[in-house]
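Just so it is clear, none of the values below were taken in a lab; they were calculated from the coordinates. Everything numeric in this text was worked out from a predicted model, so none of it was measured. As a convention, Cβ positions derive from the backbone with ideal geometry for all residues, glycine included, and neighbour counts pool all protein chains shown.
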Amino acid sequence: MKKVYIIILLIAGTITTTHAQKKWALKECVDYALENNIAIKQAQLDRQNTEIDKKDAIGGFLPTLNASTSHSWNIGLNTNVTTGVLQNQTTQNTSAGLSMNVTLFDGLQNVNRLHRANLALIANQYQLDDMKDNTSLQVVQGFLQILFNKESLKVLKLQIEVTKKELKRTQELVNEGVLAEGEIAEIEANVATQEQQIVNAENTLRISKISLAQLLLITDYDNFDIEEGNYMIPTTTIMNNTPKQIFEKSLEVRNDVKISETNIELAEYDLKLAQGQRYPTLSGFYSFNTRANNSDIFAGLAENTEEPFSVIGNVATTGDPVVTRNFTRLTEKSDPLFDQFSANKGHSFGFQLSIPIFTGFRISNGIKRSKIAIERAKYNLEQTKNNLEATVNQAYNDAKGALKSYEAAEKTLTARKIAHDYSTERFNEGIMNSFDFSQSKQRLEAAESDVVRTKYDYIFRLKILEFYFGLPLTELN
């Protein structure tokens, strides 16, 4: 039993370690965000509603069918529904019916409503795809921010290692009498500053991880991490295109443009629906009804043999009695229920034409509103294109500027390394003091950090251009 318990603990520890060591690739992050993002899930629910709207539109072509039934008790003087005779009795009446109605013509509103429903499905898909694109771009940005923070932290750690070696070397030079004792203080201050920078960089890295994890709806922040890799400047031909070419391509692939174009078509179908209300509506109907009654049925009169006559008065002049014959009312049980249903059934069918003559300006005002909506949708499309063109041009200029900044940062770093190597030689020979040497080193460190910053800034600017060009965002190299 003890061995089994130990094995279970080892397996659990292995699972925990494996989970803790998982590093997310960019494609995994994007796919996971698209699958779990709440806004995307809500958009998918909106699409389901749109699909239901389409079924409603299809249902407009189908006839409506309704069944009805009722059963009532009548106590006292009431009409027998079978004989039509007023009787003081308790009766039970049952009725049943079936009715059907079908629209034959309604100004093509059903047809236009179905076309609009199909178009709304397309528009909803564009909205969903646009939301996915924007979410993917946010994931890429968060992923690159973590990579930048990781490399910045690595640079800082390498820098402090070099500074500690310089501190050790300075101490040796002081011991040898080459440098004064006070030269150590400047380098020790640099070590303390770099340690503080490392703490800040670690906090910044953790915050960036949390931000991406929250975007992915992952709550295990401590174990969340991404694949580092050796990300270099990607080889891409996107910069070979002019801003105008990228803009023209974006008009074909960007979902926000497609949404605006589809909204114009939707507004045009809304106008057709509003105009269709001007036409008459022709519908056909059919109904079937039957009834039954369970009260006794009047069957006739028979002479009362036991008391055939009764006195009803006297003659005024003679006093002779006035008599009348006595009759007994004969009844019989009602027919069986289904026999009555069969005997009392009835059918009705026909056509109904409804012609709108005056509706308090409702129809004409609806048409005017629909025309205004079309114009507004056209302006929205124009504004969307203008915004997109401005965004593409800005993204192109940003990418171009980021490339120049990266190239300049690399040249600066090369020059700073040469200058720092020269300063190191002079410092080791005791020709340069620690303050000037620290200034040289700080300039080198700033150049190294600037290369990291401009590198990932350029990569992100390229991904934005590729985003507007319709290229996938799941690869960085």
When only Cα pairs under 8 Å and 6 or more residues apart are kept, what is the percent relative contact order across the chain? 22 percent
Exposure proxy ranking, count of Cβ atoms within 10 Å, fewest first, for Ile210, Ile464, Ile38: Ile38, Ile210, Ile464
Taking only C-alpha positions in segment 159-314, Rg and Dmax in angstrom work out to 48.5, 165
Extending each Cα 7 Å along its Cβ direction at Gln48 and Gln92, get the distance between those two points in nm, one decimal. 4.6 nm
State, in angstrom, two size descriptors of the chain derived from its alpha carbons: Rg to one decimal place and Dmax to the nearest whole number. 45.5, 173
Tilt relative to the chain, helix 255-276 - C-alpha long axis, 0 to 90 degrees, to 10: 20 degrees
For Trp24, residues with placed amide H under 5 Å, excluding near neighbours: Asp225, Ile226, Glu227
If R0 is 45 Å, what FRET efficiency do you get for Lys244 and Ala39 from their C-beta distance, rounded to 0.05? 0.85
With the cut-off at 17 Å, report for segment 249-293 the share of all Cα pairs above it, as a whole percent. 65 percent
For the chain, what proportion of DSSP beta bridges, expressed in % and rounded to the nearest 5, is antiparallel? 100 percent
For Lys209, Lys164, which order do you get if you count the other beta carbons within 10 Å of each Cβ and list the fewest first? Lys164, Lys209
